[in-house]
Amino acid sequence: MNNFIFENSTKAFFGKGCVKEYLTCLAGHYGNNVMIAYGGGSIKKNGIYDEVLESLKKARKNIVEFSGIMANPTYKKVLEGAKLAKENNVDLILGIGGGSVIDCCKAISLAAVYEGDAWQDFWMRAGIIDFEPLPLGVIVTVAGTGSEMNGGAVITNEEAKIKTGRDYPRCNPKFAMLDPTYTYSVPKRQMVSGSFDILSHIMEIYFSEPDGDNVSDDIAEALMKNVIRNLRAAIKNPQDYTARSNLMWDATMAENRIIKLGKRTDFECHQMEHQLGAYTNCNHGEGLAVLHPVYYRHIYKDGLSKFKKFAVNVWNISPDGKTDQEVARQGVEALAGFIKEIGMPTTLRELGIDETVDLKAIADSCNIVPGSYRQMTHKEILEIFNQCL
Ligand code: NZQ
Ligand code: ZN
């Protein structure tokens, strides 16, 4: 394993009823002004909003509301939230939602305190956070990104057509509350998309060196099998508590840095999806589902032994009487089959992206990361996009 330093400062509260049980007390640790931040209103329909407000009222908090955080949150929305937080001397930001809400809140927690150009200094380049961002607590309502227990905030700058994020430990939420029953109301399409995002994060970490015996890869295999099994169960019964609990913690485990320890990590597929998102606003998990099988058909021969291990250990493919290449390829096709089985899009066209979209401009704007088994070129990324059409 490679050397590492590990830290995760987020305190996680997990389980049915955890918000009711702990939020009032937790909020008591912060000043009086709490900004609750959320998305398009699902929390008002499913009762989460009322439950949170009741707990905050018990803690006698002044509440400032910041709503309408969109999927793929924009930097413009971040600045709007930062202005509101400053005007109201907010002491605690409480984000209630999925990755989009949580990421937007992390960015607000920085921008509300920082005097300079936050976009240039923390997103365009890796900045140094030598100040305390506004404290942030989060209540997760959909399993997927794992943003609740890391310092990453993926933000879209619409004018620059760039969607990007970096993991700043100082931006880790102070606390994260995860009640699996809160995810019962997530529509199937979003549940599947979030779950595929979990699988994608694990694969992006797993398919990178070192490939020798290491505990991070072993945990990754267990997590992948858990996601596959429990997503199938949650599709059958959306109110299956066991399935929803597993998916919720799988999401956190995939992105709380634990399975990244000692690994280079890849995340090239995420780089490609983020730029597709920057240009077309496509759904994150769905973009990944279209890209992954095509990307892996492209690189599997460069990481043959690992792709073989994936086929055998995750998809139970028998290696008997087959070449390594055959087994490895069958693993990639098993992944593609699973994507079809769970009803996800398999082409860019299904995401509304066709020949009229300037795929070359998107490909040229993608970051190239060093972690993959083969470093991509912009030309190859364009080939992959064209194969995804
Ligand atoms: O906006 P509302 O009305 O709340 O509806 C949301 C939204 O439409 C809905 N939803 C959430 N909880 C619900 C619910 N509907 C009914 N019942 C509930 N309990 O779900 C929709 C999608 O929410 P969103 O937050 O956009 O989804 P997700 O969690 O997949 O987040 C995606 C964003 O996170 C970024 C993505 O790029 C994308 O911008 N990522 C963040 C990462 C990180 N910080 O670590 C890593 C990821 O790779 C990813 O890039
Ligand atoms: Zn993701």
| said: Please list Ile5, Ile353 from largest to smallest accessible area, probe radius 1.4 Å, with all protein chains kept in place. | reply: Ile5, Ile353
| note | The set of residues whose placed amide H lies less than 5 Å from the amide H of Thr265, leaving out same-chain residues fewer than 5 positions away, is Glu209
| Among Lys16/Lys45; Lys45/Lys77; Lys20/Lys163; Lys57/Lys260; Lys44/Lys188, which pairs are too far apart, with a Cα-Cα distance over 30 Å? | Lys20/Lys163; Lys57/Lys260
| Cβ under 12 Å from Gly47's Cβ, Gly47 left aside: what net charge do those residues give with Lys, Arg +1 and Asp, Glu -1? | -1
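Among DSSP beta bridges lying fully in the chain, give the percent that are antiparallel, nearest 5.
Percentage antiparallel, nearest 5: 15.
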| field | For the range 127-144, 3J(HN,Hα) per residue [Karplus equation, 6.51 cos²θ - 1.76 cosθ + 1.60, θ = phi - 60°, Hz, x = Gly/Pro] | value | x, 10, 9, 9, 9, 8, x, 4, x, 10, x, 10, 10, 7, 10, 8, 7, x
| request: Give the peptides 372-382, 268-278 in descending order of average Cβ contacts within 10 Å, highest first. | output: 268-278, 372-382
| task | Order these peptides, 304-313, 57-66, by their mean beta-carbon neighbour count within 10 angstrom, highest first. | result | 304-313, 57-66
| Just how far, in whole angstrom, is the range 1-52 from the range 163-222 if you go by their alpha carbon centroids? | 18 Å
| Helix 75-87 versus the longest principal axis of the chain: what angle, 0 to 90°, nearest 10, using Cα atoms? | 20 degrees
| field | Radius of gyration, Dmax [the range 252-388; alpha carbons; angstrom] | value | 15.4, 46
| Amide H to amide H under 5 Å from Ile139: which residues, 5+ apart in sequence or cross-chain, H placed 1.01 Å off N in plane? | Gly95, Ile96, Gly97, Met177
| task | Taking the chain as the reference, fit the longest principal axis to its C-alpha atoms, fit the long axis of helix 215-236 to the helix C-alpha atoms, and give the angle between the two in degrees, 0 to 90, nearest 10. | result | 80 degrees
| request: Report, in degrees rounded to the nearest 10, the 0 to 90 angle that the Cα long axis of helix 48-58 makes with the longest principal axis of the chain. | output: 40 degrees
| request: For the chain, just the Cα set please: Rg and Dmax, both in angstrom. | output: 20.5, 69
| task | Using the 2.2 N^0.38 Å rule of thumb for compact globular proteins, work out how the range 245-300 stacks up: its C-alpha Rg over that value, please. | result | 1.29
| query | Using modelled backbone amide H atoms (1.01 Å from N, in-plane), which distant-in-sequence or interchain residues come within less than 5 Å of Lys11's amide H? | reply | Phe175, Ala176
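The values are calculated or read from the model by the stated rules, or taken from the named source; none is laboratory data. Given the structure is predicted, the values throughout are model-derived calculations rather than measurements. Methodologically, a virtual Cβ is constructed for each residue, glycine included, from the backbone with ideal geometry; neighbour enumeration extends over all protein chains shown. What goes into the accessible areas is simple: the full protein's heavy atoms, side chains included, and nothing from ligands, DNA or RNA. Shrake-Rupley method; radii C 1.70, N 1.55, O 1.52, S 1.80 Å.
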